[in-house]
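Report on one structure; see the data block that follows.
Values quoted throughout were computed directly from the atomic coordinates according to the rules given, and no laboratory measurement underlies them. A quick note: this is a predicted structure, and the numbers were derived from the prediction, not measured. Methodologically, a virtual Cβ is constructed for each residue, glycine included, from the backbone with ideal geometry; neighbour enumeration extends over all protein chains shown.
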Amino acid sequence: MVEKQLKIGWSKTEMAQNVAMDIPDGSYVNLGIGMPEMVADFVPSGRELIYQTENGLLGMGAVPMAGQEDPELINAGKKPVTTIPGACFFHHADSFTMIRGGHIDVCVLGAMQISKNGDLANWSTGAVDAIPAVGGAMDLVAGVKRILVITQHNTKDGKPKILNQCSYPLTGKGVVESIYTNLAIIDVKKEGLFVRKLGPNVDFEYLQKHTEAKLFQ
Amino acid sequence: MVEKQLKIGWSKTEMAQNVAMDIPDGSYVNLGIGMPEMVADFVPSGRELIYQTENGLLGMGAVPMAGQEDPELINAGKKPVTTIPGACFFHHADSFTMIRGGHIDVCVLGAMQISKNGDLANWSTGAVDAIPAVGGAMDLVAGVKRILVITQHNTKDGKPKILNQCSYPLTGKGVVESIYTNLAIIDVKKEGLFVRKLGPNVDFEYLQKHTEAKLFQ
Amino acid sequence: MINKTVQSLAEAVQNIHDGATIMISGFGEAGSPIELIHALIDQGAKDLTVVSNNTGSGNVGLAALIEQRRVKKMICSFPRTANSTVFPELYNAGEIELELVPQGTLAERIRAGGAGIPAFYTPASVNTPLAEGKECRVFDGIEYVLERGIKADFSLVKCELADRYGNLTYHATARNFGPVMCTAATTSIVQAKKVVEAGIIDPEIVVTPGIFVNHIIEVSNPAHESDLVAQKLTYPW
Amino acid sequence: MINKTVQSLAEAVQNIHDGATIMISGFGEAGSPIELIHALIDQGAKDLTVVSNNTGSGNVGLAALIEQRRVKKMICSFPRTANSTVFPELYNAGEIELELVPQGTLAERIRAGGAGIPAFYTPASVNTPLAEGKECRVFDGIEYVLERGIKADFSLVKCELADRYGNLTYHATARNFGPVMCTAATTSIVQAKKVVEAGIIDPEIVVTPGIFVNHIIEVSNPAHESDLVAQKLTYPW
């Protein structure tokens, strides 16, 4: 009898669902480029979220149908989007008035590294030959009320991303509220990193083994 | 034979004409409350000036006809105005971006006192029982490229307004470019106050007698 | 469904607390949310700090709020205008505080408060009594004064059109301080001449994005302050 | 009569001098004034400092200007994007300077430059390498970094409608940096999809007031950068 292999942790889809569950009805939300964008597909029914994109649109709608794209109606990832009824456009300084001024409720970002005190590194490996590019990440972590991070728990070559201290240049210090990985949902508190939920077939020891920073239950 | 009394100096209308002559075609202009507003009536033909009013209008037009007033379309003096074709509205922070940012070419202001080095006092006598009110005057003198002052040469009780030093609280230091009075047009230069033009039947001695600060010819 | 419209002026202002800092839009009567101010008078909150360009006229609107001894401090650029007697009398009697701010600095301090800018430098008021006691600093040979951003607990704003998300347009020079005040208050309360369906206002012409607005009340026939003053009315009437 | 429209792209950019600082609107291709940039390539000015959010893509527009070795320094937030190879290669070869600025700080520095604000404090980049060497300061318990306003000699901006006074509207997210860049340049040069009579644009919906604009050229069918890149075109062609 062949034993079916146990699925360990959540899929990307499930990770995005976990984040979506934690965003209250009526929130103003900025989704980072990449995996964070998936969160929009899993908003629980009955909730209305308003998406802001820092290049000047509040009320971003779904991806346009093929052939309906407008190259001048794009999101921060420079991909074509649409608008909802009730959307509005504004210039970049007004856009960052929303962001820096604390008007956005939730920002979901990817991460290269997160430290035990909520430091986030997600813009540069600091490598000598890398072209540094920061975009709006530093403004977002400095200004948005709640910063949620969605990321694989470990790097592609198996190294921990949740560390005692980030080795990469920081995006912001002590800015992360919660971390949503394939293995767990972890809250950053003053006393340390607290595991709120374990992924399917993940136990605490397994999780700690894949995490450099000390975790609390 | 009764001798007709000589007219000494310019009328208010002529003072406003003198100022208007010195504003080049195509200028963006902010006119202070009171006598400065008269300047708009004497723009030489062939010149187009654009009037900004700091409460959020560029392209202010003439006074509306009776019965056509809109209490929400007013100038900085809170009097009803109209718009020219090509006008635009904007909020107060954008309005002072124009002013503070050096985008307005000329501002015409009234004065209580002007000093020999171009200090202007036009917002407060500093009297204990006066209600201080500054409005946009300090922003205008700090930001507009050219500050022209239109004023009677002396106070109602005959005291000089052009002084060695202002005794009233300043609006701005060293900000006045030229002074247009009923007796003369005077330019403020680094070396002192230079009389550019004398009013009708005004000679230099007469002018100096009515002026505290030393004048140059 | 997000719906920021409320059913009455009383509901719109119900959470304003004693001691609150309140920004009130308007330049003279243009843009002054007179019905919201009257609702605030009815509501009763006191010891208020009010940020507004002027101090009202006659005995209605902001002047009436001051006359009711509900304002302990005004932050404004021009506290005396035609027909304004209430503030000057209380000020001369030492019964109300005044923080006088140049108009452009006032607008920029409010914008900064809304934009997460704690402080900025401006050339306005340098070498005048209004810069006294403030930090001055030279950049590229020119002297500037450091000014702080201002935030408020509430803003009361008048606009033209609004939708359920709080997107706003304004009318003529009634726009003035409204847009920046909406950004700088924890709770922005707006009276709109007309509330329209979401999507009616073209996304290109929205002046205040809905994110800056909390409560909207339709006041389809707002009073003109100058009419009330001409009738020598006093609020409460 | 005030008339800021000019008759050719060449005339629009004719006064740009060697060593100039130029702001170029756009976020990716949206809002990038590609025809004005190509006119600048033809015009020949060099040793330029360019302020723009990105560095262009393919071998057209801003990327082509950089490829022609006409830019000595880029001030931007995100110099590498899909299909951007020109800047990364020159940067790694040490042939172009980069001042990396967080996107919101970049927008605010440009706005400040246009608004006569020499410097302001922002929380963005505090405790990161981008704040190193800059003045940090605590206001109300939070740490901020001092950032300077930026001005430019010229700005190149793309808009939708323009009139002879320079009043502008924009299209969708092509608005981005255009409005603030118009305020911060001594000479703002704008390509408009359509130039209309004065008075056609409703005063309530003007985004950039004409006072911030100097030269307008109508480009009724602007190229899409992505189309040119897909065709693997190189400018000059």
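Neighbour counts of other Cβ atoms within 10 Å put D:D163, D:D140, D:D153, D:D47 in the fewest-to-most order D:D140, D:D47, D:D153, D:D163. With θ taken as phi - 60° and the Karplus curve 6.51 cos²θ - 1.76 cosθ + 1.60 applied, the whole-hertz 3J(HN,Hα) list for segment D:227-237 is 5, 5, 5, 4, 7, 6, 7, 10, 9, x, 9 Hz, x standing for glycine and proline. From the P(r) of the protein assembly as shown, could you give the percentage of C-alpha pairs in the tail past 39 Å? Considering the protein assembly as shown, 44 percent of its Cα-Cα pairs are separated by more than 39 Å.
Computing FRET efficiency as 1/(1 + (r/R0)^6) for D:W237 and C:H224, where r is the C-beta to C-beta distance and R0 is 51 Å, gives about 0.25.
Of chain A, which part is the longest with no GluC sites (Glu not before Pro) in a loop (DSSP not H, G, I, E, B) and with at most 13 other C-beta atoms within 10 angstrom? Let's see the in-between values first.
On the way: sites that count: A:E3, A:E48, A:E191.
The answer is A:49-190.
Taking amide H as placed 1.01 Å from N in the peptide plane, the amide H of D:V196 sits under 5 Å from that of D:A162, D:D163, each at least 5 places away or on another chain.
Determine the sum of side-chain charges near B:P44: Lys and Arg each +1, Asp and Glu each -1, restricted to other residues whose C-beta is under 13 angstrom from that of B:P44. Each step should come with its number before you reach the end.
Values: positive: B:R47; negative: B:D22, B:D25, B:D41, B:E48.
Net local charge, B:P44 excluded: -3.
From the Kirkwood radius over Cα pairs of segment D:137-237, Stokes-Einstein at 4 °C and 1.567 mPa s returns a whole-number translational diffusion coefficient of 84 µm²/s.
From the P(r) of segment D:1-143, could you give the percentage of C-alpha pairs in the tail past 21 Å? Show your work: numbers first, answer last.
Details: 5011 of 10153 pairs.
That tail contains 49 percent of the Cα-Cα pairs.
Going by the alpha-carbon gyration tensor, a ≥ b ≥ c the square roots of its eigenvalues, is segment A:12-216 rounded (a/c under 1.5) or, if a/c is not under 1.5, prolate (a/b greater than b/c) versus oblate?
The shape class here is prolate.
Other residues whose C-beta falls under 14 angstrom from the C-beta of A:G172 contribute a net charge of 0, scoring Lys and Arg +1 and Asp and Glu -1.
For a quick check of your reading of the filter: which GluC sites (Glu not before Pro) in segment C:66-142 sit in a DSSP loop and have no more than 15 other Cβ atoms within 10 Å?
Here the GluC sites (Glu not before Pro) that fit, given the DSSP loop and packing criteria, are C:E95, C:E132, C:E135.
Plainly put, the tip 7 Å out from Cα toward Cβ on B:G26 is 5.3 nm from that tip on each other copy, the closest given first. From least to most packed, judged by other beta carbons within 10 angstrom and beginning with the fewest, A:D94, B:D157 follow the order B:D157, A:D94.
Our Cα-only numbers for segment A:1-80 put the radius of gyration and Dmax at 16.0, 58 Å.
Exposure proxy shown here: for C:I216, C:I24, the number of other Cβ atoms within 10 Å sets the order, fewest to most, as C:I216, C:I24.
Taking amide H positions as modeled 1.01 Å from N, with prolines and chain starts lacking one, the residues under 5 Å from B:K189 and 5 or more places away or on another chain are B:F194. Converting phi to 3J(HN,Hα) with the Karplus coefficients 6.51, -1.76 and 1.60 and the offset θ = phi - 60°, segment C:172-189 yields 6, 7, 6, 5, 4, 8, x, x, 6, 5, 4, 6, 9, 10, 4, 10, 9, 10 Hz in sequence order, with x at every glycine or proline. Amide H contacts for A:T83 (H built 1.01 Å from N in the peptide plane; partners 5 or more residues away or on another chain; cut-off under 5 Å): A:G61. Charge tally for D:V126 (other residues, Cβ to Cβ under 15 Å; Lys, Arg +1; Asp, Glu -1): -4. Label positions at C:I142 and B:T155, each projected 7 Å from the Cα along the C-beta direction, are separated by 3.3 nm. For label points placed 7 Å from Cα toward Cβ, what is the shortest-first list of nm distances from A:P85 to its copies? Between copies, matching label points for A:P85 lie 3.6 nm apart. Residues in segment A:129-137 carry Karplus couplings, in order, of 8, 7, 8, x, 8, 10, x, x, 4 Hz; the curve used is 6.51 cos²θ - 1.76 cosθ + 1.60 with θ = phi - 60°, and Gly or Pro positions show x.
Label-point spacing at B:T13 relative to the other copies reads 8.4 nm, in ascending order, each point sitting 7 Å out from Cα along Cα→Cβ. Determine the percent antiparallel among the DSSP beta bridges restricted to chain B, to the nearest 5. In chain B, DSSP labels about 55 percent of beta bridges as antiparallel. Across segment B:45-153, Cα-Cα pairs farther apart than 15 Å form 69% of the total. The label point for D:Q14 and the one for A:Q68, both projected 7 Å from the Cα toward the Cβ, are 4.7 nm apart. Set the Förster distance to 51 Å, then compute FRET efficiency between C:E99 and A:R196 from the Cβ-Cβ distance, nearest 0.05. So the FRET efficiency works out to roughly 0.65.
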